[in-house]
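To start, the structure under review is shown below, and the notes come after it.
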Amino acid sequence: MSEMGGLEIGVPGEGGSGAPEALSEEAKQRFAASGAAMAQIQREEKRSKKRDTRVAKTILQFLQDDRYTHLFVLISRLVARDCPSVLILSILSLINEDCRTVVKEYLEETKQEMKEAATDLVDDDIQ
């Protein structure tokens with residue numbers, strides 16, 4: 001059997017020493033980075049869901065006002081076309097102060113998120 005070399009291929013202690021340690025260290029780093037990325041995605045999804053819920057509540061409050069029932073058809077068509085809720089809210093903010101306030105808060109949050117993302121990109125490029 002030794003002539004074919006079949007059993008001696010995986011003999012420990014011969015060549016390739018240190019490779020498993022390097023691979024496991026690299027794997028640990030990749031797992032840590034993946035875990036951090038997943039946690040960040042979950043935080044963003046939670047924040048987005050919270051924001052969307054608030055936007056939907058604001059739109060519903062707006063529609064409960066009898067003065068704006070004529071806009072119900074417009075809003076329902078926008079929803080049917082799967083328009084982002086913040087777009088609908090932005091349209092409503094032109095005539096409603098509560099909607100305007102929510103849009104301003106949304107834009108401030110988005111602005112802050114963009115700054116953080118830009119900072120992260122710059123930091124990654126530097127490293």
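The numbers here are math on the coordinates, done by the rules we state, and not lab data. Nothing here was measured: the structure is a model prediction, and the numbers come from that model. Glycine also receives a Cβ, built like all others from the backbone with ideal geometry; neighbour counts cover every protein chain displayed.
Observations, loosely collected:
- Cβ-to-Cβ counts within 10 Å put Arg51, Arg43 in ascending order as Arg43, Arg51, the fewest first.
- A Förster radius of 30 Å combined with the Cβ-Cβ distance from Arg47 to Thr69 puts the calculated FRET efficiency at roughly 0.40.
- Sequence of Ile59, Ile91 once ranked by neighbouring C-beta atoms within 10 Å, starting from the fewest: Ile91, Ile59
- For segment 19-126, the square roots a ≥ b ≥ c of the C-alpha gyration tensor eigenvalues yield an a/c of 1.5 or more together with a/b exceeding b/c, which makes the shape prolate.
- Couplings for segment 28-41, taken from phi via the Karplus curve 6.51 cos²θ - 1.76 cosθ + 1.60 with θ = phi - 60°, read 4, 5, 5, 5, 5, 5, 5, x, 5, 5, 5, 5, 5, 4 Hz in order; Gly and Pro are left as x.
- Each residue of segment 90-100 was assigned a 3J(HN,Hα) from its phi angle through the Karplus curve 6.51 cos²θ - 1.76 cosθ + 1.60 (θ = phi - 60°); the sequence is 5, 5, 5, 5, 5, 10, 9, 5, 4, 5, 4 Hz, with glycine and proline shown as x.
- Stretchable slack from Ala80 to Ala32, in nm (0.36 nm times residue separation minus alpha-carbon distance): 13.2 nm
- Whole-Hz couplings from phi, Karplus 6.51/-1.76/1.60, listed for segment 75-83; x for Gly and Pro: 5, 5, 5, 5, 5, 4, 8, 6, 6
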